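First comes the structure, then the notes that go with it.
The values are calculated or read from the model by the stated rules, or taken from the named source; none is laboratory data. Worth saying up front: this structure is predicted, and the values here are computed from it rather than measured. In this analysis, Cβ positions are derived from the backbone assuming ideal geometry, glycine residues included, and neighbour counts consider all displayed protein chains. For the accessible areas, the whole protein counts, side chains as well, though only heavy atoms, and no ligand, DNA or RNA atoms are used. Shrake-Rupley method; radii C 1.70, N 1.55, O 1.52, S 1.80 Å.
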Amino acid sequence: MLKIGLTGGIGSGKSTVCRLFAEFGVPIVDADLIARQLVEPGQPALALIVKSFGSQMLNQDGSLNRARLRDAVFADADKKRELDGIMHPLVYAQIAAEVNALTADYCVIAVPLLLESKNPYAVDRVLLIDCPVDVQIARVIARDKLTRQQVQAIIDSQMPRPERLSKADDVIENMAGPEQLAEQVKRLHNSYILLATVRTQSA
């Protein structure tokens, strides 16, 4: 099965693009969703986070205080590396398990930090969802009610846009309207079906 690694900076529109691929019946494996499940109360990842960052990272009901953890790791590069060291192996192991259970021509594996990870999950092609930084900032402020400074700190912690573009096999430019975005997804869907077919025939 052809594995497409979908990535992009915060606010680039990764979730929207995933929904458009899903409308074609393409299975989506979402690293963010997996990560949220892994830090639910009672899960090992949450216990490891508390051990490393302290019980102040928990809400009164024992759930993870995501805002507090986000502020902690984006203010300290060492803490971010520590959190990545906890989460990445667990997330990638679950991604592998979910992908191995699929039967399809191709799947989309959405991993926001696919290019930043030191031990990235192996994919056949990297699909980058791209937009200008000022668009990212405006979208995240509207969506998450963060300050411009908070959003900029997150962007600064991610791979610079030119470097992401240089590492991508395919790029979707998410700067126009929904019709243009849907057309780009449709074009890539057809391309991936063809690639998957050729790959199967040559195997």
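Taking 0.36 nm per residue of sequence separation and subtracting the Cα-Cα distance, how much length would be gained by fully extending the chain between Arg36 and Asn59, in nm to one decimal?
The span from Arg36 to Asn59 would gain 6.8 nm if fully extended.
Any chance you could check the Cα centroid distance between the stretch 1-59 and the stretch 149-203 for me, in angstrom?
Cα centroid of the stretch 1-59 versus Cα centroid of the stretch 149-203: 18 Å apart.
Can you give me the angle between helix 178-202 and the longest principal axis of the chain, using Cα atoms only, in degrees from 0 to 90, rounded to the nearest 10?
Relative to the chain, helix 178-202 is tipped by roughly 70 degrees.
Going by accessible area, probe 1.4 Å, with all protein chains left in place, what is the ranking of Ser15, Ser52, largest first?
The most accessible residue leads, giving Ser15, Ser52.
Based solely on its DSSP helices, what 222 nm [θ] is calculated for the chain when runs of n ≥ 4 H residues each add -39,500 (n - 2.57) and the sum is averaged over all residues, nearest 500 deg cm²/dmol?
-17500 deg cm²/dmol, from helical runs alone.
Lys and Arg at +1, Asp and Glu at -1: add these up for the other residues within a Cβ distance under 11 Å of Glu82 and post the number.
It works out to a net charge of +1.
Sequence-distant or interchain residues sharing an amide H contact under 5 Å with Leu58, placed H: which?
Asn65
Compute, for Met87, the solvent-accessible surface of its heavy atoms (probe 1.4 Å) with the complete set of protein chains present, and express it in square angstrom to the nearest 10.
Surface open to solvent at Met87 totals about 20 Å².
Could you tell me the accessible area of Tyr106 in Å² (1.4 Å probe, neighbours in place), rounded to the nearest ten?
10
Calculated FRET efficiency, Leu194 and Glu173, Cβ-Cβ r, R0 30 Å, to nearest 0.05?
Numbers: r = 21 Å, r/R0 = 0.72.
The formula returns an efficiency of 0.90 here.
Using only protein heavy atoms and a 1.4 Å probe, report how much of Val126 is accessible, in Å² to the nearest 10.
Accessible area, nearest 10 Å²: 20 Å².
Less than 12 Å from a label point 7 Å out along the Cα-to-Cβ axis of Ala67: which backbone N atoms in the stretch 143-186 qualify, by residue?
144-147
Round to the nearest 10 and give me the degree value, 0 to 90, for the angle of helix 77-100's Cα axis relative to the longest principal axis of the chain.
The angle comes out at about 40 degrees.
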